[in-house]
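Beneath this line is the structure, given in structure tokens, with notes to follow.
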Amino acid sequence: MNRKPISVGMVSLGCPKNLVDSEIMLGLLKTSKYRLASDMNDCDVALINTCAFIEDSRKESIDAILELAELKKRGKIKSLIVCGCLPQKYHKSLKEEIGEIDAMVGTGEYSKIDEIVDSVLKGDKVSRVEDTRFIYDHSAPRFSLTPAHFRYVKVGEGCDHRCTFCIIPQLRGDYRSRPLESIETEVRRFVSEGMKEANLISQDTSYYGRDLGGQYLLPVLLNKLNAIEGLGWVRLLYNHPFHMTDEILDAIAGLEKICKYVDIPLQHISDRMLKSMKRGILKDKTMALIERMRVKIPDLAIRTTFIVGYPGETEEDFMELYRFVEQAKFERLGVFTYSRGDDEGSRLEGHIPEQFKIERRNAIMALQQKISMEHNRKWVGKRIQVLVEREEPAGGFVGRTYRDAPEIDGQVFIHKPVSGKITAGDFYNVEIKSAMEYDLTGEFVMP
């Protein structure tokens, strides 16, 4: 007699690195024993992959857990499994405060998710948070949570930096690079499944390979990926400025398929703040790096992020950052307000009132809005390659240029052509007709 498959639902929170972990867990559970539920309101097992990086993400994770706990109380779901960074750091308090949780799975235990689900279904309470050393390879099954035309590919796990605002090394351990061959094999498989854009991610993508033999291997990896037939774009996300070598910049500049786009969180520009944050790089070298990037890579789009309201940040520090943003004219930029947690920065003196943090963030974002508009206006009348993401129900299409990472950057809204077939997931030439602060509009250039 065949048993009815166990239905499993997943809520994945946080960054693309978390999304990859969620895909791996779902891939491991996608067997004849399980089926993936389309509705979290009616599943046997609910998994939630959490984020604990900043206060907002911790709150979002807790709220989502409580919502699932309520569904369990009402009999809508049978078991609740909490995964990721939140149980890795706060498993004791979660166990004490939310009794509906049946299992907690830390960042090093994803490969055991099948075994953990089995234990929970037998009525066991499970806590697996001791190990942080997990890193997947190309043989790991992944159930895609993104459209087929783009995927996230982790090149490494963990981090060797000890920035005072960050707890990632506590949650995920020291940096571990995946073997070159494993990454290349995974990318080739994704291309065979329809992927056009590979987004390389880790806590510090520019550090890739340094732990394997002391050399930066990102340029080697980029050369290998550039040779894969059928792959259109390779995008670099989460790069630390300290490790952005000339060899990496030369690879970006010289390899056709590598997007002329670099995501490089700088966090601040004031030397006082950079020293306090233990970033390992100060203002002069940061500014020299940005200038070198602009010279080596024409039409480069730089995305960066900053933290305002870090303990001890004076008005002078903030204005130094503001003027730097005004001068550097980054194509893409985000600002976080510092949030207290279990990081080293929380133990410092000079915490900034929340109102001032918000005012500082809003001031820089208002400035960036103008800068972004200036950049976008330069594209009006020009033709650019666009990866079409989807057709809109109301008509027209939405896509992205090389200057836009999935989910975080701008979009191109494209009028539907009078004739010709447009397929989501393919590249097309588009003539830009108008610009907005973050997005563009255009028309297809049909052959």
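The values are calculated or read from the model by the stated rules, or taken from the named source; none is laboratory data. Remember, predicted model here, so these are calculated numbers, not experimental data. Methodologically, a virtual Cβ is constructed for each residue, glycine included, from the backbone with ideal geometry; neighbour enumeration extends over all protein chains shown.
Looking across segment 287-346 at every residue that is touching an Asp or Glu at 6+ places or on another chain (Cβ under 8 Å) and charged (D, E, K, R), the one that is farthest from Q369 (Cα to Cα) is identified as R340. Quick one: would you say D246 is in the same structural domain as E320 (by TED's automatic domain parsing) and in contact with an Asp or Glu (Cβ under 9 Å, 6 or more places away or on another chain)? No: the conditions fail for D246. The one condition from (1) modelled with pLDDT of 95 or more; (2) in contact with a helix residue (DSSP H, G or I) (Cβ under 6 Å, 6 or more places away or on another chain); (3) of a type in the set (S, T, N, Q) that S22 does not meet is (2). Only residues that are in contact with a Lys or Arg (Cβ under 8 Å, 6 or more places away or on another chain), part of a helix (DSSP H, G or I) and either at pLDDT below 95 or hydrophobic (A, V, I, L, M, F, W, C) (or both) were counted in segment 247-278, giving 4.
Before we move on, is Q203 closer than 20 Å to D409 by Cα, outside any helix (DSSP H, G or I) and among the polar types (S, T, N, Q)? Taking the combined requirement at face value, the residue satisfies it. Restricting attention to segment 147-165, the residues being closer than 23 Å to E407 by Cα, of a type in the set (D, E) and either without any contact (Cβ under 8 Å) to a residue 24 or more places away in the chain or assigned to a loop (DSSP other than H, G, I, E, B) (or both) number 0. Within segment 166-179, not a single residue is out of contact with any His (no Cβ under 9 Å at 6 or more places or on another chain) and free of Cβ contacts under 8 Å to residues at least 12 places away in the same chain. Looking only at segment 110-162, which residues are among the aromatic types (F, W, Y) and modelled with pLDDT under 95? Passing the criteria: Y110, F134, Y136, F143. Filtering segment 299-341 to residues that are part of a helix (DSSP H, G or I), within 12 Å of F356 (Cα to Cα) and of a type in the set (D, E, K, R) leaves only E315. Within the set of pairs 6+ apart or on separate chains, which have a first residue in segment 323-335 that is touching a residue at least 40 places away in the same chain (Cβ under 8 Å), a second that is among the aromatic types (F, W, Y) and surrounded by 20 or more Cβ atoms within 10 Å (Cβ to Cβ), and C-beta atoms under 8 Å apart? So the pair list comes out as V325/F306; G334/F306. I'm trying to understand the selection: among the residues of segment 122-141, which are of a type in the set (A, V, I, L, M) and part of a loop (DSSP other than H, G, I, E, B)? Selection gives V129, I135, A140. Can Q355 be described as of a type in the set (S, T, N, Q), surrounded by fewer than 18 Cβ atoms within 10 Å (Cβ to Cβ), assigned by TED's automatic domain parsing to the domain that holds A301 and in contact (Cβ under 8 Å) with a residue 60 or more places away in the chain? For Q355, the condition - of a type in the set (S, T, N, Q), surrounded by fewer than 18 Cβ atoms within 10 Å (Cβ to Cβ), assigned by TED's automatic domain parsing to the domain that holds A301 and in contact (Cβ under 8 Å) with a residue 60 or more places away in the chain - is not met.
Would segment 279-298 turn up any residue that is outside any helix (DSSP H, G or I), within 23 Å of I432 (Cβ to Cβ) and touching a helix residue (DSSP H, G or I) at 6+ places or on another chain (Cβ under 6 Å)? Yes: segment 279-298 contains one or more residues that are outside any helix (DSSP H, G or I), within 23 Å of I432 (Cβ to Cβ) and touching a helix residue (DSSP H, G or I) at 6+ places or on another chain (Cβ under 6 Å). So for segment 355-363 (the condition being β-branched (V, I, T) and within 30 Å of Y90 (Cβ to Cβ)), does at least one residue qualify? Looking for residues that are β-branched (V, I, T) and within 30 Å of Y90 (Cβ to Cβ), one finds at least one in segment 355-363, hence yes. Candidates S144, S119, S57: the one that is part of a helix (DSSP H, G or I), of a type in the set (G, A, S) and either under 23 Å from the mean Cα position of the chain (by Cα) or closer than 30 Å to G345 by Cα (or both) is S57. Taking the stated definitions as given, is R272 basic (K, R), outside the structural domain of D404 (by TED's automatic domain parsing) and either under 27 Å from A405 (Cα atoms) or touching a Ser or Thr at 6+ places or on another chain (Cβ under 6 Å) (or both)? In short, no. Each residue in segment 397-447 was checked for being assigned to a strand (DSSP E or B) and not basic (K, R), and 20 pass.
Picking from residues in segment 30-62 that are surrounded by 16 or more Cβ atoms within 10 Å (Cβ to Cβ) and of a type in the set (V, I, T), the one that is nearest to G123 (Cα to Cα) is V45.
Screening Q355, Q369 for residues that are within 19 Å of L266 (Cα to Cα), modelled with pLDDT of 95 or more and not charged (D, E, K, R) leaves exactly one candidate, Q369.
Taking L221, is it in the same structural domain as Q267 (by TED's automatic domain parsing), assigned to a helix (DSSP H, G or I) and buried (at least 22 other Cβ atoms within 10 Å of the Cβ)? For L221, the condition - in the same structural domain as Q267 (by TED's automatic domain parsing), assigned to a helix (DSSP H, G or I) and buried (at least 22 other Cβ atoms within 10 Å of the Cβ) - is met.
Number of residues in segment 166-194 that are part of a loop (DSSP other than H, G, I, E, B) and in contact with an Asp or Glu (Cβ under 8 Å, 6 or more places away or on another chain) equals 7.
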